[in-house]
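Asks: Supplied in structure tokens, the structure appears directly below.
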Amino acid sequence: MVILAVDYGDVRTGLAVCDKSEFLASPVCVFTERNSDTLAKLICEKAKELKVEEIAVGLPKNMDGSEGFRADACKEFAQKLYEISGINTVLRDERLTTVSAHKIMNMTDVRGKKRKNTVDAVAAVIILEDYIAFRKNNR
């Protein structure tokens, strides 16, 4: 199944997609649209272009498992994606994905503007890899 992961943010929103066999997760792009309605439409267009069958949206949680301050916004955004696209949309815990993305970018020596423009797509890849692993372990 082709799955699109979304790391939803106030300024930048990263996207990642996996292949049909759910083996390889790859970054797609980062949108810098701040209007959530316009952003949702852009993501749905990209999902249609990529023939996505499911969308996984990162859900910010605190380390104790409680939901972070952005959780409600992410839930609303996930619902908006579903309403526009009709594609099944799930929420995935995204704890430490941005921290992990920064560590990966440190290891690959990505710095400056390029780092700022790609860290959210890398975070989306981490969300997607986690969701793929969850799906494989729960079949």
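The values are calculated or read from the model by the stated rules, or taken from the named source; none is laboratory data. From a predicted model like this one, the values you see are computed outputs, not experimental measurements. Note that each Cβ is placed from the backbone with ideal geometry, even for glycine, and that neighbours are counted across all protein chains shown. Just so you know, the surface numbers come from the protein's heavy atoms only, side chains and all, with ligands and any DNA or RNA stripped out. Shrake-Rupley method; radii C 1.70, N 1.55, O 1.52, S 1.80 Å.
Asks: Suppose the chain between Ser66 and Gln79 were pulled fully straight at 0.36 nm per residue; how much longer would it get relative to their current alpha carbon spacing? Show your work: numbers first, answer last.
Replies: On the way: separation 13, 0.36 × 13 = 4.68 nm, distance 2.01 nm.
Gain on extension, Ser66 to Gln79, equals 2.7 nm.
Asks: Mind ranking Leu91, Leu128 by accessible surface for me, highest first, 1.4 Å probe? Don't skip to the answer; put the middle values down first.
Replies: Numbers: Leu91 70, Leu128 0 Å².
Per-residue accessible area, sorted high to low, gives Leu91, Leu128.
Asks: Test of the criteria: in region 1-71, which chymotrypsin sites (Phe, Trp or Tyr not before Pro) are in a DSSP loop and have at most 10 other Cβ atoms within 10 angstrom of their Cβ?
Replies: Working: sites: Tyr8, Phe23, Phe31, Phe69; in loops: Tyr8, Phe23, Phe69.
Listed in order of number, the matching sites are Phe23, Phe69.
Asks: Using 7 Å Cα-to-Cβ label points, what is the Met1/Lys48 separation (nm, one decimal)?
Replies: Between Met1 and Lys48, the simple spin-label model gives 2.2 nm.
Asks: Okay, next question. Taking the simple approach of a point 7 Å from Cα along Cα-to-Cβ for both Thr38 and Asn138, what is their distance in nm?
Replies: If labels sit at Thr38 and Asn138, their model points lie 3.5 nm apart.
Asks: Measure of size requested: the Rg and Dmax of region 1-104, with Cα atoms as the atom set and Å as the unit; please supply both.
Replies: Spelled out, the Cα radius of gyration and Dmax of region 1-104 are 13.0, 38 Å.
Asks: Mind listing which trypsin sites (Lys or Arg not before Pro) in region 1-79 are in a DSSP loop and have 14 or fewer other Cβ atoms within 10 Å?
Replies: On the way: sites: Arg12, Lys20, Arg34, Lys41, Lys46, Lys48, Lys51, Lys61, Arg70, Lys75; in loops: Arg12, Lys20, Arg34, Lys51, Arg70.
Passing both the DSSP loop test and the Cβ count: Lys20, Arg34, Lys51.
Asks: While we're on this one: Where only protein heavy atoms count, and the probe is 1.4 Å, what is the accessible area per residue for region 38-77 in Å²? Mind showing how you got there, number by number?
Replies: Working: 2200 Å² over 40 residues.
For region 38-77, the per-residue accessible area is 55 Å².
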